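The values are calculated or read from the model by the stated rules, or taken from the named source; none is laboratory data. Here the structure is a predicted model, which is why all the values come from computation and not from measurement. Neighbour counts run over all protein chains shown; Cβ positions are idealised from the backbone, glycine included.
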Amino acid sequence: MEIPYAVKPRPDTGLYNAKVGIWLFLASEVMLFGALFSSYILLRVGAPAGTWPHHWLNVLLGMFNTIVLIASSVTVVLAWASLKMNQFNKYRMYQAITILCALIFMTIKSIEYGDKFKHYEFQLKDGTVVDGHIDREKSTVKVPAWIPFKLHGEGKIVIEHANVVKKHKTAAENHAELMEGPAPLSKEAKEAEERPEYEFESSQVQAFSNYGPWHNTYTAIYFTLTGLHALHVVGGALVIFMIWGPLASVWRKDPVQYTNRVEVSGLFWHLVDLVWIFLFPVLYLL
């Protein structure tokens, strides 16, 4: 039994079935990400003054990932156009670049995620807040690397390149300084305050966590938005790879159907690119 309008356009819509389906699916995706972006806006607007983090993310890495995704959207279009011109080898080349771009994007995201799980904030009992990466060679206490809420044993903890907020400030001032970054110091103050490491005993720790999704509202929404987007990148890249590789034989049997599949996967990939173009300024720049 032949499925109607699998290749030819429907008379009522002017589109073949798969294209109608992908546009309906993309509409649901817009509603999904629209709800998440709306949640982000409400959380940020509702946060107390001075408590919303700024400049926590690496803008250069985010910018590079943006360029990578935009480039991949261009190669997706070029791949589809190559099939339209019956240039299958060029199509394979352009889609290989698209898949490579997806791998580069995910590699950079994994580096960013890994840094968040290695970055800790310790609140000491005297009110001092210490922020930075643990020097695990010099520390004698084992600090959990993933969901850290409990220290294992007694001993010292050494923080590399520590950002230390002194105890004479109020808790709100400490928190605000960590959100915005420390205020500029005078030359004398720098000489007194600067230290490559900060060492304290585990018995001094009142609370601590790394910058995973449990750290605060900002990291929760950051991991939710970028994590869901990363799943879309992986899913889209897998579909493109399957059409590019294992299903390439369809080109010889039915070039029109194969080209339609490439077009549909490309429309999804454009959504992935568009979502990131919104995510980058919202999370990295604002």
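Does any residue in region 1-28 that is within 18 Å of Val256 (Cα to Cα) come within less than 6 Å, Cβ to Cβ, of a residue that is small (Gly, Ala, Ser) and at pLDDT below 70 six or more places away or on a different chain, and which pairs are these?
Asn17/Ala6
So Thr75 fits all but one of (1) surrounded by fewer than 17 Cβ atoms within 10 Å (Cβ to Cβ); (2) without any contact (Cβ under 8 Å) to a residue 60 or more places away in the chain; (3) not in a strand (DSSP E or B); what number is the exception?
The failed condition is (1).
Write out, first by first residue and then by second, each pair whose Cβ atoms fall under 9 Å of each other, whose residues are 6+ apart or on separate chains, and whose first residue, in region 258-286, is on the phi < 0 side of the Ramachandran plot while the second is acidic (Asp, Glu).
Phe268/Glu29; Leu271/Glu29; Val275/Glu29
Do any residues in region 151-162 that are crowded, with 17+ Cβ neighbours inside 10 Å have Cβ atoms under 8 Å from those of residues that are among the basic types (Lys, Arg), where the two are at least six apart or on different chains, and which pairs are they?
Leu151/Lys142; Val158/Lys138; Ala162/Arg195
Filter region 17-44 down to residues that are over 16 Å from Leu225 (Cβ atoms) and of a type outside the set (Ser, Thr, Tyr), then give me how many there are. Break it down stepwise before answering.
Here is the first cut: in region 17-44, the ones over 16 Å from Leu225 (Cβ atoms) are 17-28.
Narrowing the set further to residues that are of a type outside the set (Ser, Thr, Tyr) leaves 17-27.
The number of residues fulfilling the criteria is 11.
Looking at (1) outside any strand (DSSP E or B); (2) surrounded by fewer than 17 Cβ atoms within 10 Å (Cβ to Cβ); (3) in contact (Cβ under 8 Å) with a residue 24 or more places away in the chain, which is the only condition Glu199 fails?
Going through (1) outside any strand (DSSP E or B); (2) surrounded by fewer than 17 Cβ atoms within 10 Å (Cβ to Cβ); (3) in contact (Cβ under 8 Å) with a residue 24 or more places away in the chain one by one, Glu199 breaks only (1).
Please determine whether any residue of region 79-97 is surrounded by fewer than 18 Cβ atoms within 10 Å (Cβ to Cβ), assigned to a helix (DSSP H, G or I), without any contact (Cβ under 8 Å) to a residue 24 or more places away in the chain and under 23 Å from the mean Cα position of the chain (by Cα).
The initial filter retains those residues of region 79-97 that are surrounded by fewer than 18 Cβ atoms within 10 Å (Cβ to Cβ), namely 81, 84-90, 92-93, 96-97.
Subsequent filtering for residues that are assigned to a helix (DSSP H, G or I) retains 81, 84, 88-90, 92-93, 96-97.
After this cut, where a residue has to be without any contact (Cβ under 8 Å) to a residue 24 or more places away in the chain as well, the list is 81, 89-90, 93.
Filter again for under 23 Å from the mean Cα position of the chain (by Cα), leaving none.
So far as region 79-97 goes, no, none of its residues is surrounded by fewer than 18 Cβ atoms within 10 Å (Cβ to Cβ), assigned to a helix (DSSP H, G or I), without any contact (Cβ under 8 Å) to a residue 24 or more places away in the chain and under 23 Å from the mean Cα position of the chain (by Cα).
Okay, residues lined up against (1) of a type in the set (Ser, Thr, Tyr); (2) assigned by TED's automatic domain parsing to the domain that holds Leu274; (3) modelled with pLDDT under 95:
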| position | (1), (2), (3) |
| --- | --- |
| Val74 | no, yes, no |
| Leu78 | no, yes, no |
| Asn86 | no, yes, yes |
| Met93 | no, yes, no |
| Thr98 | yes, yes, no |
| Ala102 | no, yes, no |
| Phe105 | no, yes, no |
| Lys109 | no, yes, no |
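With Leu60, Leu42 as the choices, which residue is within 16 Å of the chain's Cα centre (by Cα) and free of Cβ contacts under 8 Å to residues at least 60 places away in the same chain?
Numbers: Leu42 fails: within 16 Å of the chain's Cα centre (by Cα).
Within the list Leu60, Leu42, the selection yields Leu60.
For the condition of a type in the set (A, V, I, L, M, F, W, C), surrounded by 15 or more Cβ atoms within 10 Å (Cβ to Cβ) and assigned to a helix (DSSP H, G or I), what is the one hit in Leu43, Leu61? Lay out the reasoning, then the answer.
On the way: Leu43 fails: surrounded by 15 or more Cβ atoms within 10 Å (Cβ to Cβ).
When all the criteria are applied, what remains is Leu61.
Restricting to region 230-269, name every residue that is under 18 Å from Phe37 (Cα atoms) and out of contact with any Lys or Arg (no Cβ under 9 Å at 6 or more places or on another chain).
Hits for region 230-269 are Leu231, His232.
Of all the helices (runs of 4 or more DSSP H) wholly in region 217-286, which have at least 1 residues that are of a type in the set (S, T, N, Q)? Give the steps one after another, and end with the answer.
Numbers: elements: 217-244, 250-253, 255-279.
Result: 217-244, 255-279.
Which residues, taken from region 109-137, are crowded, with 17+ Cβ neighbours inside 10 Å, assigned to a loop (DSSP other than H, G, I, E, B) and not charged (D, E, K, R)?
Thr128
I'm trying to understand the selection: among the residues of region 202-216, which are in a helix (DSSP H, G or I) and touching a strand residue (DSSP E or B) at 6+ places or on another chain (Cβ under 8 Å)? Step through it out loud before you land on a result.
Let us first name the residues in region 202-216 that are in a helix (DSSP H, G or I), namely 202-204.
Correct list: Ser202, Gln204.
Of the residues Val282, Val205, which is at pLDDT below 95, among the β-branched types (Val, Ile, Thr) and touching a Lys or Arg at 6+ places or on another chain (Cβ under 8 Å)? Even if it seems obvious, please write down each step before you answer.
Working: Val282 fails: touching a Lys or Arg at 6+ places or on another chain (Cβ under 8 Å).
After applying the criteria, what remains is Val205.
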